[in-house]
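Colleague: What follows is a single structure, and I will ask about it in a moment.
The values are calculated or read from the model by the stated rules, or taken from the named source; none is laboratory data. Computed from a prediction, not measured in an experiment: that's the story for all the values here. Cβ placement follows ideal geometry from the backbone for every residue including glycine, while neighbour counts extend to all protein chains displayed.
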Amino acid sequence: MDPEMFLEVANQVTKLKMFPYFDIAHAVLCCLHVREDLGANTHPFSRRHPLTTWICCIFEIFAGGMLASLFLGEPVLSPLKSNQHLLLYTAVWYVIFYCPFDAGYKISKFLPVKLTFSVLKEIYRVKKVYDGVTHSLKIYPSGYLIALIIGTIKGNGAGFCKIFERLLRGVWTPGAIEILQPSFPTKACIAASLIFLLDKKTEFISAPHSLLYFGIVVFFVYFKISSILLGIHD
Amino acid sequence: MDPEMFLEVANQVTKLKMFPYFDIAHAVLCCLHVREDLGANTHPFSRRHPLTTWICCIFEIFAGGMLASLFLGEPVLSPLKSNQHLLLYTAVWYVIFYCPFDAGYKISKFLPVKLTFSVLKEIYRVKKVYDGVTHSLKIYPSGYLIALIIGTIKGNGAGFCKIFERLLRGVWTPGAIEILQPSFPTKACIAASLIFLLDKKTEFISAPHSLLYFGIVVFFVYFKISSILLGIHD
Amino acid sequence: MDPEMFLEVANQVTKLKMFPYFDIAHAVLCCLHVREDLGANTHPFSRRHPLTTWICCIFEIFAGGMLASLFLGEPVLSPLKSNQHLLLYTAVWYVIFYCPFDAGYKISKFLPVKLTFSVLKEIYRVKKVYDGVTHSLKIYPSGYLIALIIGTIKGNGAGFCKIFERLLRGVWTPGAIEILQPSFPTKACIAASLIFLLDKKTEFISAPHSLLYFGIVVFFVYFKISSILLGIHD
Ligand SMILES: [Mg+2]
Ligand SMILES: [Mg+2]
Ligand SMILES: [Mg+2]
């Protein structure tokens, strides 16, 4: 691949449109996560408490945005304002939990499908981290720690809200708090936030922005694929 | 009752002034609720921890308003700004918990009195749901889910904050979360919010607003009276 | 001491610059508090989870400011915007937890040193209570309860956030909630907030402001010294 074409690809990646494919991938993986957290209890629980599973899925999907809003003094519910997204996510929730023959769940667990969704989600994650850092720096231009926190939370909100998502289902697991045992995505989001911050606020990083962004995307995608193929769980 | 007079009554109901009678009814029932949640422990606990019982009562009384403020990015404590209301609620708290001969508690548990307060509270509840939906739609004109959440929370805030109110007393009951086992008032508030939303945003409901509002009031009051008289507890 | 000189001293106390000595004293005591809460577990825990200890210390140091921001609808993370303070606090955290020979911890536990830091912290505490009451009254001029709450929280934020700071370490102790068993600093902060409120909003207190402020400082410092020397723990 000649350098110019490479730069062109990198440039395209920074401008990818997220709706609807990346949103679907994110939602599918969040719903799968909620469902697998229910474990063997999934079938009876999801039949008896459909409202609860829906609220848990919506909460997990929007966790990063809602937590970031709380931390920045914006309305906590503002991420829920798009009806188009809500309809899409409700459809995903229905397919994952209540599809006839459990087809939705089985298909999304099929390795090539799961791999595709995971790759899309990682690309989306980098965008969220970047948007979080940028948004935070607009509000607090020299609030470096705030930018790191917001970038990390936007990138892995579900991880930080896991114990609260469980609380919505009546399950309280204080020992599972993310800060105590940060998962790989959390550490990767901290690193990515730091790199974006250095790029924005210092001259240490001389690479063009799109290359840097693309490099982080490649890193996130590479480690996600490895961890799925090698069966590593964080 | 001829239709015109009926419409007139409905119209009056939508314009009822809430202060002070409806506020008293709401406060009395909230304080009773806190007290009964203490169970057999009430007497020693309320004597040793008067500040805690006061904070719990005030928190439960304002729960809906504070939670809605948090969700809409408004100051969480703003519902506490009226000193007139606070004085009234403090008087109610005192009467329910510390009245000589426990007269306040006994009178408010006397069936006709409790029934009256309950009816007033249900009328107030409908107003809170309506105000919540309206206020939310002013901020997010197409945020339908946000309007439903705010309407429901304003209508039954105490239900959603129950586990946090208990936490203020050092008691943690994650399994009692409202979302998992929505009580009747929660379900009724969701339905009422939905009806108000449909009335505001669609043409499905052709009935005049005051009739719709009155209908919901009648429904809420009817079910409350039934549940008290038949001894049904949600 | 002649009265004029006394008033002059009082006046100076109200205008003390807090950065950096008072901030250091506050941070040292917060870090000590986190460390002692870890108990016998300190050494292994702090080696395995340095990020967690840092987050806990920073959270405890800023607890009052963050909680007050949440309650007043301001960005929760805004107290973190000063990089100068964050660097200072990070240095304090490092010295208390990871200093060679544990020198930082041992020195700060040495009675004259601890006493000095405690005196500085109490002076700082009065300033925080005063600033909290003033700030709150600017937003809600007649929100007396709000001013009391904000003053108390700014003065003893760490106390109110203790159970959440523990949650960050995976430890959940709902029974240790501050409201149920208010510590001496909490009660003193409530009293100080009330006095500042009376001074601002009524004519009951005719003493000049600087004398009143100085009196509260003396009271706070006197009781802190007594409690340390007499070994009283709240
Ligand atoms: Mg650069
Ligand atoms: Mg209509
Ligand atoms: Mg005065």
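Colleague: Quick check, is A:LYS187 within 20 Å of A:LEU67 (Cα to Cα), more than 16 Å from ligand 2 (Cβ to nearest atom) and exposed (fewer than 15 other Cβ atoms within 10 Å of the Cβ)? I'd like the intermediate steps shown before the answer.
Modeller: Details: within 20 Å of A:LEU67 (Cα to Cα): yes; more than 16 Å from ligand 2 (Cβ to nearest atom): yes; exposed (fewer than 15 other Cβ atoms within 10 Å of the Cβ): yes.
So A:LYS187 passes the test.
Colleague: Moving to a separate point now. Taking the conditions exactly as written (more than 19 Å from C:GLY65 (Cβ to Cβ) and either within 14 Å of another protein chain (Cβ to nearest Cβ) or within 16 Å of ligand 1 (Cβ to nearest atom) (or both)), does C:ALA147 satisfy them or not?
Modeller: Values: more than 19 Å from C:GLY65 (Cβ to Cβ): no; either within 14 Å of another protein chain (Cβ to nearest Cβ) or within 16 Å of ligand 1 (Cβ to nearest atom) (or both): yes.
In short, no.
Colleague: Further question: Going through region C:173-210 one residue at a time, which ones are of a type in the set (Asp, Glu) and within 16 Å of ligand 3 (Cβ to nearest atom)? Don't jump to the end; show me each part of the working.
Modeller: Initially, region C:173-210 is screened for residues of a type in the set (Asp, Glu), giving C:178, C:199, C:203.
Passing the criteria: C:ASP199, C:GLU203.
Colleague: Further question: Taking the residues in region B:201-210 that are part of a helix (DSSP H, G or I) and surrounded by fewer than 16 Cβ atoms within 10 Å (Cβ to Cβ) as candidates, determine which candidate is nearest to ligand 1 (Cβ to nearest atom). So that I can check it myself, show each step before the final result.
Modeller: Residues of region B:201-210 that are part of a helix (DSSP H, G or I), as a first pass: B:201, B:209-210.
Subset that is surrounded by fewer than 16 Cβ atoms within 10 Å (Cβ to Cβ): B:201, B:209.
Details: B:LYS201: 47, B:HIS209: 58 Å.
Per the criteria, the residue is B:LYS201.
Colleague: Same structure again: Away from chain C (no Cβ under 14 Å), surrounded by fewer than 16 Cβ atoms within 10 Å (Cβ to Cβ) and either of a type outside the set (A, V, I, L, M) or away from ligand 1 (no atom under 16 Å from the Cβ) (or both), is that true of B:SER226? If you could, list the steps in order and put the result at the bottom.
Modeller: Numbers: away from chain C (no Cβ under 14 Å): yes; surrounded by fewer than 16 Cβ atoms within 10 Å (Cβ to Cβ): yes; either of a type outside the set (A, V, I, L, M) or away from ligand 1 (no atom under 16 Å from the Cβ) (or both): yes.
Spelling it out, B:SER226 is indeed away from chain C (no Cβ under 14 Å), surrounded by fewer than 16 Cβ atoms within 10 Å (Cβ to Cβ) and either of a type outside the set (A, V, I, L, M) or away from ligand 1 (no atom under 16 Å from the Cβ) (or both).
Colleague: Moving to a separate point now. On the given criteria, is C:ARG47 surrounded by fewer than 19 Cβ atoms within 10 Å (Cβ to Cβ) and either at pLDDT 90 or above or assigned to a helix (DSSP H, G or I) (or both)?
Modeller: Numbers: surrounded by fewer than 19 Cβ atoms within 10 Å (Cβ to Cβ): yes; either at pLDDT 90 or above or assigned to a helix (DSSP H, G or I) (or both): yes.
Judged against the criteria, C:ARG47 is a match.
Colleague: Would you point out the residue of region B:163-188, among those that are within 14 Å of chain C (Cβ to nearest Cβ) and closer than 24 Å to A:PRO50 by Cβ, that is nearest to the chain's Cα centre (by Cα)? Can you show your working first?
Modeller: Going residue by residue through region B:163-188, those that are within 14 Å of chain C (Cβ to nearest Cβ) are B:163-176.
When the remaining residues are screened for being closer than 24 Å to A:PRO50 by Cβ, the result is B:163, B:173-176.
Numbers: B:ILE163: 16, B:THR173: 21, B:PRO174: 22, B:GLY175: 22, B:ALA176: 18 Å.
Filtering region B:163-188 for residues that are within 14 Å of chain C (Cβ to nearest Cβ) and closer than 24 Å to A:PRO50 by Cβ, the one nearest to the chain's Cα centre (by Cα) comes out as B:ILE163.
Colleague: Can you name the residue in region B:191-200 that is in contact with a Gly (Cβ under 9 Å, 6 or more places away or on another chain) and of a type in the set (A, V, I, L, M) and, of all such residues, is surrounded by the most Cβ atoms within 10 Å (Cβ to Cβ)?
Modeller: Initial filter on region B:191-200 (in contact with a Gly (Cβ under 9 Å, 6 or more places away or on another chain)): B:192-197.
Narrowing further to those that are of a type in the set (A, V, I, L, M): B:192, B:194-195, B:197.
On the way: B:ALA192: 28, B:LEU194: 16, B:ILE195: 21, B:LEU197: 19.
Checking each candidate, the answer is B:ALA192.
Colleague: Could you go through region C:78-96 and let me know if any residue there is outside any helix (DSSP H, G or I), free of Cβ contacts under 8 Å to residues at least 40 places away in the same chain and at positive phi. Let's see the steps before the verdict.
Modeller: Filtering region C:78-96 for residues outside any helix (DSSP H, G or I) gives C:82.
Next, only the ones that are free of Cβ contacts under 8 Å to residues at least 40 places away in the same chain stay: C:82.
When the remaining residues are screened for being at positive phi, the result is none.
No: region C:78-96 contains no residue that is outside any helix (DSSP H, G or I), free of Cβ contacts under 8 Å to residues at least 40 places away in the same chain and at positive phi.
Colleague: Of the conditions (1) surrounded by 14 or more Cβ atoms within 10 Å (Cβ to Cβ); (2) under 24 Å from B:GLY231 (Cα atoms), B:PHE110 satisfies every one except a single condition; which number is it?
Modeller: (1)
Colleague: Turning to a different aspect of this structure: Scan region C:163-200 residue by residue and report those that are under 21 Å from A:ALA176 (Cα atoms), touching a residue at least 24 places away in the same chain (Cβ under 8 Å) and not in a loop (DSSP other than H, G, I, E, B).
Modeller: C:PHE164, C:GLU165, C:ARG166, C:LEU168
Colleague: Being under 18 Å from the mean Cα position of the chain (by Cα), part of a helix (DSSP H, G or I) and under 19 Å from C:CYS189 (Cα atoms) is true for just one of C:ILE24, C:ILE55, C:ILE61. Which residue is that?
Modeller: Values: C:ILE24 fails: under 19 Å from C:CYS189 (Cα atoms); C:ILE55 fails: under 19 Å from C:CYS189 (Cα atoms).
On inspection, the qualifying residue turns out to be C:ILE61.
Colleague: Among the residues of region C:124-144, how many are within 14 Å of another protein chain (Cβ to nearest Cβ), in a helix (DSSP H, G or I) and either surrounded by fewer than 21 Cβ atoms within 10 Å (Cβ to Cβ) or not aliphatic (A, V, I, L, M) (or both)?
Modeller: From region C:124-144, those within 14 Å of another protein chain (Cβ to nearest Cβ) are C:132-133, C:135-144; that's our starting set.
This time we only want the ones that are in a helix (DSSP H, G or I), so: C:132-133, C:135-139, C:144.
When the remaining residues are screened for being either surrounded by fewer than 21 Cβ atoms within 10 Å (Cβ to Cβ) or not aliphatic (A, V, I, L, M) (or both), the result is C:132, C:135-139, C:144.
Residues in region C:124-144 being within 14 Å of another protein chain (Cβ to nearest Cβ), in a helix (DSSP H, G or I) and either surrounded by fewer than 21 Cβ atoms within 10 Å (Cβ to Cβ) or not aliphatic (A, V, I, L, M) (or both): 7 in total.
Colleague: Of the residues C:THR116, C:THR152, only one is in a helix (DSSP H, G or I), within 14 Å of chain B (Cβ to nearest Cβ) and modelled with pLDDT of 95 or more; which?
Modeller: C:THR152
Colleague: Sticking with this one: All but one of (1) under 17 Å from C:ILE179 (Cβ atoms); (2) outside any helix (DSSP H, G or I) hold for B:LYS17, so report the exception by its number.
Modeller: It fails just one condition, (1).
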